[in-house]
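Down below is the structure, laid out as structure tokens.
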Amino acid sequence: TDYPASVSSDYAPWLRWHLGSLFIRDILQVLSSQSLLIAVSSTSVTASSVVASLGPNTSATLAATTAWVLKDAPGSLSTLIVGSRGGQAFDEDPKRWWVISSALEDAARLVEILLPLNPRWFLPGAALANFIRSGALVGRQSIVNGTLLRHFSKRENL
């Protein structure tokens, strides 16, 4: 309430920068998702071996679906690890952790974008990228929702 008097003077410039960076990250997400879809459709060697154990009537679609689900599991694990261990460290040095989390997210997107070059690495590459990106996103959200919003708030109006 009472915007802009209820926030510090650097909130509006930060918000413009932050919204711009979110837009660019969304574009990268679309590109990396497209790359993942290309990679998973090119070959499903790893997923096929998993699905083959289900019986002789399995399809490539089921193999691709299995690979897609398996690539997401490490991200959940990363979220739990970073969320349980990072909290206070993020608050103590937010600039450092912001840079680290942003660099890790970018590295994860790069891995995803490069996967179509070697699709047989889809499952381990996508799982690794998901693990890294999920941990980075938890770290960055912790910084935004804690330290940064407290900085911008003049009246404890988070």
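Only one entry of PHE131, PHE122 meets the criterion of being touching a helix residue (DSSP H, G or I) at 6+ places or on another chain (Cβ under 6 Å) and open to solvent by 30 Å² or more (accessible area, probe 1.4 Å), and that entry is PHE131.
Scan the helices (runs of 4 or more DSSP H) fully inside the range 91-154 and keep the ones with 1 or more residues being in contact with a Phe, Trp or Tyr (Cβ under 6 Å, 6 or more places away or on another chain) and either small (Gly, Ala, Ser) or free of Cβ contacts under 8 Å to residues at least 60 places away in the same chain (or both). Please lay out each step first, then the result.
Details: elements: 94-114, 122-143, 149-152.
Passing ranges, in order: 94-114, 122-143.
Here the range 81-90 is the region considered, the condition is being at pLDDT below 85 and in a helix (DSSP H, G or I), and the residue that is least open to solvent (accessible area, probe 1.4 Å) is PHE90. Set side by side, the residues SER102, SER44, SER48 differ, and just one is open to solvent by less than 70 Å² (accessible area, probe 1.4 Å) and modelled with pLDDT of 85 or more, which is SER102. Quick check on the range 67-80. Is at least one of its residues at pLDDT 70 or above, surrounded by 13 or more Cβ atoms within 10 Å (Cβ to Cβ) and under 19 Å from LEU117 (Cβ atoms)? Checked the range 67-80: at least one residue is at pLDDT 70 or above, surrounded by 13 or more Cβ atoms within 10 Å (Cβ to Cβ) and under 19 Å from LEU117 (Cβ atoms).
Counting the residues of the range 133-143 that are touching a Pro at 6+ places or on another chain (Cβ under 9 Å) and of a type outside the set (Ser, Thr, Tyr) gives 1.
In contact with a helix residue (DSSP H, G or I) (Cβ under 9 Å, 6 or more places away or on another chain), closer than 19 Å to ALA39 by Cα and not basic (Lys, Arg): which single residue out of LEU137, LEU110 fits that description? Only one candidate qualifies: LEU110.
The values are calculated or read from the model by the stated rules, or taken from the named source; none is laboratory data. Since we're looking at a predicted model, the values are computed, not measured. Here the Cβ is made from the backbone with ideal geometry for all residues, glycine too, and neighbour counts use every protein chain on show. SASA here: full protein model, heavy atoms, side chains in, ligands and nucleic acids out. Shrake-Rupley method; radii C 1.70, N 1.55, O 1.52, S 1.80 Å.
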